[in-house]
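Engineer: The structure is given below, and queries will be raised subsequently.
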Amino acid sequence: MKRETNRVFVSSMGIISSLGIGVQENLDGLIKGMSGIGPIKQLKTRLSSELIAGEVSYSNEELIDISGMKSTRGVSRAALLGLIVAKEATKDVELHDPSIRTGIIVGTTADSMTHIELYLKDFLSNDSRNEFIESQDWGASTEIIANELGISGYQTTINTACSSAANAIMTGARMIKHNLLDRVLVGGTDALSKVMLNGFHALMIIDPEVCKPFDRDRKGLNLGEGAAFLLLESEKLTLKKNAICELSGYGNSNDAHHLTAQSPDGEGVAMAMELALSESGLNAKDISCINAHGTGSENNDLAEIRGIEKVFGNDAPSFSSTKPFTGHTLGSSGALEAVFSILSIQHQLIFPNLNFKRQMSETKLIPETTLIPSKSVHQVLSNSLGFGGNNTSLIFSKLVI
Amino acid sequence: MIYINGLSNISPQPTSAKKNFLSDVIQYNTNMLQCIEPDYSDFMDTNALRRMSRILKLGSAGARFCLEDAALEVPDAICIGTGKGCFKNTQIFMFSVDENKEKFIPPSPFIQSAHGSIASQIAIQTGCKNYNMTYSHRAFSFESALLDAMMLLKGKIHENVLLGGVDEIEEIQFNTFDRIGYYTKPGVNNLNILTDQTKGTIAGEGSTFFLLEDQPTANTYAAVKDVHTFSNPGNHFQVEDVILHFLSQNNLSVKDIDVVVLGLNGDIDFDGIYYDLNTSLFNNTRQVYYKHLCGDYLTSSAFALWMSSLIIKHQRIPETVSLNDKPAKGIQNVLIYNQHRNVNHSLMLVSGVA
């Protein structure tokens, strides 16, 4: 049964990842089955000699050109990635109509970290990098994007680690359902940083080769970077034109288990999926496929598969993780995978879980390993699991008019 | 209506005690105010304490005190706003990455560097497995968390929400922002920041929590009617328009506001808007301020909400926060207006429940 009544539609979207710039390049990459993960070329790090990552293959200077920004004072790589896709997602939209309450909600884990980690010592000792001092917080990119696009309404930023963007999407949908906004740009952005690369490396959960989610021999995750935005609109606003799908359900839970690890029993992620089903008014059997969080880490994949078993039993729908395409883009991953889920519905395709070879000993469930053309992708569930046991599930539905 | 049925406040003032509402305030001679921290070992395991960063201890204790006040063990949902979150641990890790030249870096500071770990820690200590959210958007962080909590309660999704505004000030952040003029001179008397007429403010911090429900209890302090945020207004006339619209949305006019709580921070470059409002919209309203007590920080509006709740509950305005002597009897509606460097502006409306 639906607990909140107004419906929420996705009217457009934008994405940048290691697969490319824009929705079309990302779709092409997914269809070709080519991973975007490779040698680290943009980030200056000692670890580039031993690790690979899903980097966006443009320098900051090239991203500035692409973004069309005139003043780049205090602008980080995450802000540039975010602005480029925010422009893609709003290119056909008049954002300055005062009668339409428009907001922006961004999820990010690291935001301006790429600059802070380079300049923190300068901040304390000289004036050479002062323009970046005020971007030492997590709202910097959101405000830059809002100002560039002229979004003067509600703006905020969510930081719940790897579920940040999924939570931003959920929050935007709830604000429309509560009639607080008519339209909201939601998603996330994160750029690859030395802090995150070294942090995950220190936790010993990075696979030196391309990750293999849900495989018995998985060795960890690869980091990536990217940004994606969805433009959500209220029912009243969107029926005037062609929405691309409905955001029909969402749910959030917390494992209350550990500051970094997921609870291995999968109870938390099961609860998030059940809440999303309940919000959408759908049954488990209605779900066509799952875009899993599937990072390739020992702990995440076990928790997630047990969660899927709890909700779907042994009769789980097709599922796959797209992390071997993009790497784990942390706070923005939920937004990238929301775009992939919507592409599944638009093009009636289930994307493969690359690199899977051997079934996990703990489950009978195995992911899809090849591109599946299907006539029946109607409801796609997307999971995002974050540090601190924060679980979020979203359900995207084919338009029924 | 959304009711405040429990609260707690760890701040640079003796605000933990329920009695003596701001009757004994501390005068500091520094431009960086830090919290009077409780003895954490009274209620936390020493092993756990050793592992926790300072911000996690502040958040954890604040949550505990608020739940005790509301006589509740497990909250139904958790919403946290934090401007700087666990950034101190990120800095420690950054320096370690540099010093160790990206080899063999101890991961412990990284583990507690995610902003969401404040809310996760509270989930772990209370066993709350439900909704858990962290907003980190400059001076909108606490207001975003409040708005979310109000949506959860109005949607009847949760019975109660534990809401917190948590931030710490530490040396590296203080020093970097001090270098670009955020803070006034060292050795300043915090109680004189408005009369000193200097550029810059005093840094502060706090851990302030509220237990919100959609029903009143015997412990109810006040009701939160509404919250609104807006960005980059062109001038104080636009701010006036937003305030008037906000009040009319709540079927109120300026004369219905018994007390206005202002985010004056003593920085002559940014306080002008408040003084313009004080001589226009709020000329006949009792005006109070609070940042001389807790310092300025990105979630200081949580301190203002705490103070407003107690002003309503006790029907008393502490002398130390009064800006004028307009009479305020039968205090029913308190409006909080805060702005951060003329970028992030916010309004909160708090009302009596009698």
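The values are calculated or read from the model by the stated rules, or taken from the named source; none is laboratory data. For clarity, every value in this text was computed on a predicted model and none was experimentally measured. Virtual Cβ from ideal backbone geometry, glycine too; neighbours counted across all protein chains shown.
Engineer: Against the condition crowded, with 23+ Cβ neighbours inside 10 Å and out of contact with any Phe, Trp or Tyr (no Cβ under 7 Å at 6 or more places or on another chain), how does A:V106 come out, does it pass?
Structural biologist: On the way: crowded, with 23+ Cβ neighbours inside 10 Å: yes; out of contact with any Phe, Trp or Tyr (no Cβ under 7 Å at 6 or more places or on another chain): yes.
So A:V106 fits the description; yes.
Engineer: Spot the failing condition for A:H96; the list is (1) modelled with pLDDT of 95 or more; (2) out of contact with any Phe, Trp or Tyr (no Cβ under 8 Å at 6 or more places or on another chain); (3) more than 18 Å from A:A243 (Cβ to Cβ); (4) not polar (S, T, N, Q), and only one is missed.
Structural biologist: Among (1) modelled with pLDDT of 95 or more; (2) out of contact with any Phe, Trp or Tyr (no Cβ under 8 Å at 6 or more places or on another chain); (3) more than 18 Å from A:A243 (Cβ to Cβ); (4) not polar (S, T, N, Q), the lone unmet condition for A:H96 is (1).
Engineer: Filter segment A:184-200 for residues that are surrounded by fewer than 24 Cβ atoms within 10 Å (Cβ to Cβ) and in contact (Cβ under 8 Å) with a residue 40 or more places away in the chain; which is farthest from the other protein chains (Cβ to nearest Cβ)?
Structural biologist: A:L197
Engineer: Still on this structure: Here are some residues: B:L281, B:L293, B:L244, B:L191. Which one is farther than 15 Å from B:H340 by Cβ and in the same structural domain as B:V166 (by TED's automatic domain parsing)? Walk me through it before giving the result.
Structural biologist: Values: B:L281 fails: in the same structural domain as B:V166 (by TED's automatic domain parsing); B:L293 fails: in the same structural domain as B:V166 (by TED's automatic domain parsing); B:L244 fails: in the same structural domain as B:V166 (by TED's automatic domain parsing).
From the options B:L281, B:L293, B:L244, B:L191, the qualifying one is B:L191.
Engineer: A:D111 fails exactly one of the following numbered conditions: (1) of a type outside the set (F, W, Y); (2) within 26 Å of B:A123 (Cα to Cα); (3) more than 10 Å from chain B (Cβ to nearest Cβ). What is the number of that condition?
Structural biologist: A:D111 satisfies all of (1) of a type outside the set (F, W, Y); (2) within 26 Å of B:A123 (Cα to Cα); (3) more than 10 Å from chain B (Cβ to nearest Cβ) except (3).
Engineer: Now for a separate question. Just the residues that are over 18 Å from A:T45 (Cβ atoms), assigned to a helix (DSSP H, G or I), out of contact with any strand residue (DSSP E or B) (no Cβ under 6 Å at 6 or more places or on another chain) and aliphatic (A, V, I, L, M), please, taken from segment B:88-125.
Structural biologist: Scanning segment B:88-125 gives B:I92, B:I111, B:I124.
Engineer: Do the conditions hold for B:N219, that is, is it closer than 23 Å to B:S346 by Cα and surrounded by fewer than 24 Cβ atoms within 10 Å (Cβ to Cβ)? Before the answer, list the steps.
Structural biologist: Numbers: closer than 23 Å to B:S346 by Cα: no; surrounded by fewer than 24 Cβ atoms within 10 Å (Cβ to Cβ): yes.
No; evaluated as a whole, the condition is false for this residue.
Engineer: For segment B:88-102, how many residues are surrounded by fewer than 21 Cβ atoms within 10 Å (Cβ to Cβ) and either in contact (Cβ under 8 Å) with a residue 60 or more places away in the chain or at positive phi (or both)?
Structural biologist: Total meeting the criteria: 2.
Engineer: Looking only at segment B:88-118, how many residues end up being of a type in the set (A, V, I, L, M, F, W, C) and more than 7 Å from chain A (Cβ to nearest Cβ)?
Structural biologist: Step one: list which residues in segment B:88-118 are of a type in the set (A, V, I, L, M, F, W, C), which gives B:92-95, B:97, B:104-105, B:110-111, B:114, B:118.
Next cut, more than 7 Å from chain A (Cβ to nearest Cβ) only: B:92, B:95, B:104, B:118.
Residues in segment B:88-118 being of a type in the set (A, V, I, L, M, F, W, C) and more than 7 Å from chain A (Cβ to nearest Cβ): 4 in total.
Engineer: May I ask you to verify whether A:I176 is more than 23 Å from A:N390 (Cβ to Cβ), surrounded by 24 or more Cβ atoms within 10 Å (Cβ to Cβ), more than 14 Å from the chain's Cα centre (by Cα) and at pLDDT 95 or above?
Structural biologist: Values: more than 23 Å from A:N390 (Cβ to Cβ): no; surrounded by 24 or more Cβ atoms within 10 Å (Cβ to Cβ): yes; more than 14 Å from the chain's Cα centre (by Cα): yes; at pLDDT 95 or above: yes.
No; evaluated as a whole, the condition is false for this residue.
Engineer: Just to be sure I understand, how many residues within segment B:36-87 are more than 14 Å from chain A (Cβ to nearest Cβ), in contact (Cβ under 8 Å) with a residue 60 or more places away in the chain and outside any helix (DSSP H, G or I)?
Structural biologist: 3
Engineer: If you don't mind, there's one more thing I want to ask. Can you name every residue in segment B:119-141 that is farther than 20 Å from B:A61 by Cβ and more than 7 Å from chain A (Cβ to nearest Cβ)? Can you show your working first?
Structural biologist: Applying the first criterion (farther than 20 Å from B:A61 by Cβ) to segment B:119-141 yields B:129-131, B:133, B:135-140.
Listed by number, the list holds a single entry, B:A139.
Engineer: A further question on this structure: All but one of (1) more than 12 Å from chain B (Cβ to nearest Cβ); (2) among the hydroxyl-bearing types (S, T, Y); (3) touching a residue at least 40 places away in the same chain (Cβ under 8 Å) hold for A:S99; which doesn't?
Structural biologist: The single condition A:S99 does not satisfy is (3).
Engineer: For segment A:201-219, name all the residues that are surrounded by fewer than 23 Cβ atoms within 10 Å (Cβ to Cβ), more than 15 Å from B:I111 (Cα to Cα) and in contact with a Leu (Cβ under 9 Å, 6 or more places away or on another chain).
Structural biologist: A:D207, A:P208, A:V210
Engineer: Something else about it: In segment A:1-43, what residues are without any contact (Cβ under 8 Å) to a residue 40 or more places away in the chain and over 23 Å from A:H347 (Cβ atoms)?
Structural biologist: If the condition is that a residue be without any contact (Cβ under 8 Å) to a residue 40 or more places away in the chain and over 23 Å from A:H347 (Cβ atoms), then A:G38, A:P39, A:K41 are the ones that fit.
Engineer: Could you check segment B:126-146 and list, in sequence order, the residues that are assigned to a helix (DSSP H, G or I) and surrounded by fewer than 24 Cβ atoms within 10 Å (Cβ to Cβ)?
Structural biologist: Of the residues in segment B:126-146, the ones assigned to a helix (DSSP H, G or I) are B:126, B:138-146.
Once the filter is applied, which keeps residues that are assigned to a helix (DSSP H, G or I) and surrounded by fewer than 24 Cβ atoms within 10 Å (Cβ to Cβ), segment B:126-146 yields only B:T126.
Engineer: Sticking with this structure for a sec: Of the residues in segment A:54-82, how many are more than 18 Å from the chain's Cα centre (by Cα) and of a type in the set (K, R)? Can you show your working first?
Structural biologist: To start, the set of residues in segment A:54-82 that are more than 18 Å from the chain's Cα centre (by Cα) comprises A:57-76.
From the residues that got through so far, the ones that are of a type in the set (K, R) too are A:70, A:73.
Going through segment A:54-82 one residue at a time, the tally reaches 2.
Engineer: Sticking with this one: With the requirement that a residue be among the polar types (S, T, N, Q) and touching a helix residue (DSSP H, G or I) at 6+ places or on another chain (Cβ under 9 Å), what does segment A:1-44 give you? Outline the logic, then answer.
Structural biologist: Within segment A:1-44, the first condition is being among the polar types (S, T, N, Q), and the residues that meet it are A:5-6, A:11-12, A:17-18, A:24, A:26, A:35, A:42.
Residues satisfying the conditions are A:T5, A:N6, A:S11, A:S12, A:S17, A:S18, A:N26, A:S35, A:Q42.
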